[in-house]
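This report refers to the structure that appears directly beneath it.
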Amino acid sequence: MSKSLSPDKIMQHLQESWRKLPDYRQANNNTKYEVADAALSAYSVFLMQSPSFLAHQRDMQQRKGKDNAATLFGVRKIPSDNQIRNLLDPVTPDHFWADFRWMHQELEQSGALAAFQDYKSTYLIPFDGVVFHSSEKIHCDNCSHRQDCNGTTHYYHSAILPVIVKPDSAHVLSLPPEFIVPQDGHEKQDCERAAVKRWLAHHHEQFESQSVTFLGDDLHSNQPLCELIDQTYEQFFIFVCKPDSHPTLYQWLASLEGAGGLEGKQERHWNGRHGEIWAYRFVNQIPLRAGEDALLVNWLELTITHEDTGKQLYHNAWVTNHRVRLKNVAPLAKMGRTRWKVENENINVLKTKGYNLEHNFGHGQRHLSNVFFSLNILAFLTHTAQHLLNKAYTLLRDTLAVRRTFFNDLKALTRYIVFDSWDALFAFMLEGLELELSP
Ligand SMILES: [Zn+2]
């Protein structure tokens, strides 16, 4: 990469940005702590993946008169966990959108973003829903809820979590989450669809000069959303399209198939153990639904069978507004399949690898849970940006190959030693491991 991005530069940006966060306290409240310090403190816990980071830094401040929350994150005075809760609970999560955008701009200017472009220079953005809080007891004003058959109420928070993905890349670039808001009398799917529309309204401008292909499951292949993406935002989509939810489209397909109107091709692939037959079929410009105003879409299908036994190994079909041809049906199907990878990698990393630390701070009454989730995703994006743009970080992560080792080392080092900057911390680790950065 042509340019590097130091964590010190990121922290400087976040400090400047968060010093402008609104402060909702009355003048007579205890205003010893700043809202920015609460945001930086919460973010530091997510970035370090260490629930005890702040406690250690408070100790360090008492013993040495300085601490890493100040030097690495710019926290002027570390608030108590209780203060962090109170200060951040009234802040709406849209205050952090600009920080995601700033990070993406840095990635763009360095050339790292362009590396994510896929076929025909399009960026792939899957829409995936994620539940990040679930409890029978703990809830707030912004919780969704459902009752199970025993009459027990379950409270939860869920969000659309779009990311920029690239097939075969280990990294995903997080975009701001859009929270799925409960609407009385609406089905869960409706609420998820509404969240996707809000996300597009809030963030489409970021991609105005670029090509984006949105990916999603069958829940998204409906006329209002496809029309919105195709006509209002002039972008692309590849959405899973199932027969049950698209009877008219599949009637058209059946009659076209009978008349020999479907195009297609077959490829043979060797998977290391046996041959596979990849059969593609497609047709352009068929109605997505019944009615004269139906949007015309292009349909494609991939069926993979075992070469010897004929057993079906995979099948899926999509609708898209990319024109499908013999030469691009394979890359389009590959894009359509990409989203499953995202569920596996992005969401599972968040769920299982230490990013879900809500229990350390509690749930809040209003926006706290959503603010923590946003800061958590921002911390995840920070690590990815470091991986892509910081040689020292990449070398350390590759050397301390087991994920936990890297974070355990960070945790231990910052407990005992105060580092003046991230560059100093990384330099210390590189020296200790006798690693040298290539020029
Ligand atoms: Zn809640």
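Read the figures in this text as sums done on the coordinates, not as results from a lab. The shown structure was predicted, so the numbers you read here are calculated from the model rather than taken from an experiment. Cβ placement follows ideal geometry from the backbone for every residue including glycine, while neighbour counts extend to all protein chains displayed.
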Given q = 0.09 Å⁻¹, what are the Debye log10 I(q)/I(0) values for the chain, with equal point scatterers placed on the Cα positions and solvent ignored?
-> -0.67
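Quick check: from the Cα gyration tensor, does segment 386-439 come out rounded (a/c under 1.5), prolate or oblate?
oblate
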What spacing in nm lies between the two simple spin-label points modelled at E436 and R325, each 7 Å away from Cα in the Cβ direction?
-> 5.1 nm
Would you order D89, D94, D148, D184 from fewest to most other beta-carbon atoms within 10 Å of each residue's own beta-carbon?
-> D184, D148, D94, D89
Once you have the Kirkwood Rh of segment 47-137 from its Cα pairs, apply Stokes-Einstein at 10 °C and 1.306 mPa s and quote D in µm²/s.
-> 92 µm²/s
Interchain or long-range residues, amide H under 5 Å from S211's placed H | Y123
How big is the Cα convex hull of segment 227-274 in projection, averaged over all directions, in nm²?
-> 6.2 nm²
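Counting other beta carbons within 10 Å of each residue's own, what order do V418, V319 fall into, fewest first?
Lowest count first: V418, V319.
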Gyration tensor on Cα atoms of segment 1-94, a ≥ b ≥ c root eigenvalues, a/c under 1.5 rounded, else prolate if a/b beats b/c, else oblate, says oblate
Long pairs among K9/K64; K9/K166; K166/K391, criterion Cα-Cα beyond 24 Å = K9/K64; K9/K166
Efficiency of FRET between H202 and E234 - r from beta-carbon atoms, R0 22 angstrom, step 0.05 = 0.80
Where a Cα-Cα gap under 16 Å defines reach, which lysines qualify for K411, not counting those fewer than 8 residues away within the same chain?
-> K353
For segment 152-196 and segment 239-317, write down the distance between their C-alpha centroids in whole Å.
-> 28 Å
What's the extension gain from W270 to D293 if we count 0.36 nm per residue and subtract their Cα-Cα distance?
-> 3.9 nm
Using only the Cα atoms of segment 1-160, build the gyration tensor, take square roots of its eigenvalues as a ≥ b ≥ c, and label the shape rounded, prolate or oblate: rounded if a/c is under 1.5, else prolate if a/b is larger than b/c, else oblate.
-> oblate
Rounded to the nearest 500, what is the chain's calculated 222 nm mean residue ellipticity when only DSSP H runs of at least 4 contribute -39500 (n - 2.57) each, over all residues?
-> -12000 deg cm²/dmol
Assign unit charges at the C-beta atoms only (+1 for Lys and Arg, -1 for Asp and Glu), then state the dipole size of the chain relative to its Cα centre in Debye, rounded to the nearest 20.
-> 880 debye
Kindly write out, for segment 302-315 in residue order, the coupling ³J(HN,Hα) from the Karplus curve 6.51 cos²θ - 1.76 cosθ + 1.60 (θ = phi - 60°), rounded to whole Hz, with x marking Gly and Pro.
-> 10, 10, 10, 10, 5, 4, 7, 9, x, 5, 6, 9, 7, 8
Over the chain, relative contact order from alpha-carbon pairs under 8 Å, at least 6 apart, % | 20 percent
Within segment 156-300: Cβ-based charge dipole about Cα centre, in debye rounded to nearest 20 (Lys, Arg +1; Asp, Glu -1) | 480 debye
Segment 319-334 - phi-based ³J(HN,Hα) in whole Hz, Karplus 6.51/-1.76/1.60, Gly and Pro as x = 10, 8, 10, 6, 6, 9, 9, 4, 7, 10, 5, 5, x, 5, 5, 4
Label model pair Q183, R146: point-to-point distance (7 angstrom along the Cα→beta-carbon line) in nm is 1.8 nm
Where is the GNM fluctuation largest for the chain (alpha-carbon springs, 10 angstrom cutoff): E257, E205, E292?
-> E292
Short version: ³J(HN,Hα) in whole Hz for each residue of segment 96-113, in order, from phi by Karplus 6.51 cos²θ - 1.76 cosθ + 1.60 (θ = phi - 60°), x for Gly and Pro, what are they?
-> 9, 4, 4, 6, 4, 5, 4, 4, 5, 5, 4, 5, 5, 5, 7, x, 5, 5
Taking the alpha carbon gyration tensor of segment 98-237, what are the square roots of 5 times its eigenvalues, largest first, to the nearest whole Å?
-> 31, 18, 13
